[in-house]
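Q: Take this structure first; my questions come after.
The values are calculated or read from the model by the stated rules, or taken from the named source; none is laboratory data. All figures in this text were calculated on a predicted structure; none of them were measured in a lab. We work out accessible area using only protein heavy atoms, side chains counted, and drop any ligands, DNA or RNA first. Shrake-Rupley method; radii C 1.70, N 1.55, O 1.52, S 1.80 Å.
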Amino acid sequence: MDSVKTYIDFSQDSLKYSALSVAFNPIFWNIVARLEYNTHFLTKLALGKPKCGCYTLAVTIFSLGIIRDLLYEKALRDQPTYDTLDMFPVKILAALIFAYGNVLVLSSMWALGVTGTYLGDYFGILMDARVTGFPFNITDNPMYYGSTLSFLGTALWFAKPAGIAMSAFVLVMYMIALRFEEPFTAEIYAKRDRERAAGKTE
């Protein structure tokens, strides 16, 4: 326990703000997306244009992500460095992990497009078919795992045990978010398929 206290300074407010941001973001976009699906409030604010409403949410989520990353960077600067991690081989590993994480994130955004990435399903903007190419042939959730790897790579690069712990927290929050997102999104597409099937049989 003493080593944890030594290498993770829990008294730093910056660490608390970073953790709050990590927790807030997936909670925020899940709540807002569900509200949009049930009430279409963003579409109404966008004068009945679902795509404009989705783009507004996309800008908001992206901006919150930037704030989260800045808070994480500030938290790492305020945390103790673990000298054993502060060596060249670890930095090489860190760079590889960070690069791979960003490849997963950016390639998934490219494959899905803006509306596919930023919850367009909840606005009624559905994809014609499931994306199965890279990086979705590696994992169903490349953006979440890629983001986690980017956090971890950054933590290892700066030799910050607090960052490693925060990376684990990021992963936990994403896994919780997926428990809500995956079944709900699956039901959106299942409903679309039922409506198509009903239309064909009429």
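Q: By the gyration tensor of its Cα atoms, with a ≥ b ≥ c the square roots of the eigenvalues, what is the shape of region 1-139: rounded for a/c under 1.5, prolate for a/b over b/c, or oblate?
A: Values: a/c = 3.29, a/b = 1.70, b/c = 1.94.
Oblate shape, in that a/c is at least 1.5 and b/c is the bigger or equal ratio.
Q: Let me have the relative contact order for region 70-202, percent, based on Cα pairs under 8 Å that are six or more residues apart.
A: Relative contact order, region 70-202: 33 percent.
Q: Enter the accessible area per residue of region 135-202 (Å², integer; probe 1.4 Å; all protein chains in place).
A: Ligands and nucleic acids excluded, the result is 53 Å² per residue.
Q: Going by alpha carbons, how many degrees (0 to 90, nearest 10) lie between the helix axis of 161-201 and the longest principal axis of the chain?
A: 10
Q: Tell me, what % of the accessible area of the chain is carbon and sulfur with a 1.4 angstrom probe? Before the final figure, lay out each step's value.
A: Working: 7820 of 11600 Å².
Carbon and sulfur together cover 67 percent of it.
Q: Per residue, how large is the accessible surface of region 8-90? Use a 1.4 angstrom probe and give square angstrom.
A: Averaged over the residues of region 8-90, the accessible area is 59 Å².
Q: How much length, in nm to one decimal, is gained on full extension between GLU182 and TYR100, taken as 0.36 nm per residue of separation minus their Cα-Cα distance? Let's see the in-between values first.
A: Numbers: separation 82, 0.36 × 82 = 29.52 nm, distance 2.38 nm.
The GLU182-TYR100 span can extend by a further 27.1 nm.
Q: Sort region 129-185 into rounded, prolate or oblate with this rule: let a ≥ b ≥ c be the square roots of the eigenvalues of the Cα gyration tensor; rounded if a/c is under 1.5, and if a/c is not under 1.5, prolate when a/b is larger than b/c, oblate otherwise.
A: oblate
Q: A follow-up question, please. Need one word for region 52-97: rounded, prolate or oblate. Basis is the Cα gyration tensor (sqrt eigenvalues a ≥ b ≥ c); a/c below 1.5 gives rounded, then a/b vs b/c decides.
A: Note, shape of region 52-97 comes out oblate.
Q: Right, another one. Would you calculate a helix-derived [θ] at 222 nm for the chain, using -39,500 (n - 2.57) for each DSSP H run of n ≥ 4 and dividing by the full residue count, to the nearest 500?
A: -26500 deg cm²/dmol
Q: In whole percent, what relative contact order does region 1-92 give with Cα contacts below 8 Å and a gap of six or more residues?
A: 46 percent.
Q: In nm, what is the difference between 0.36 nm times the number of residues separating LYS51 and ARG77 and their Cα-Cα distance?
A: 5.5 nm
Q: Related question: Lysine pairs in the chain 8 or more apart or on different chains: how many have alpha carbons under 20 angstrom apart?
A: Within the chain, the lysine pair count is 9.
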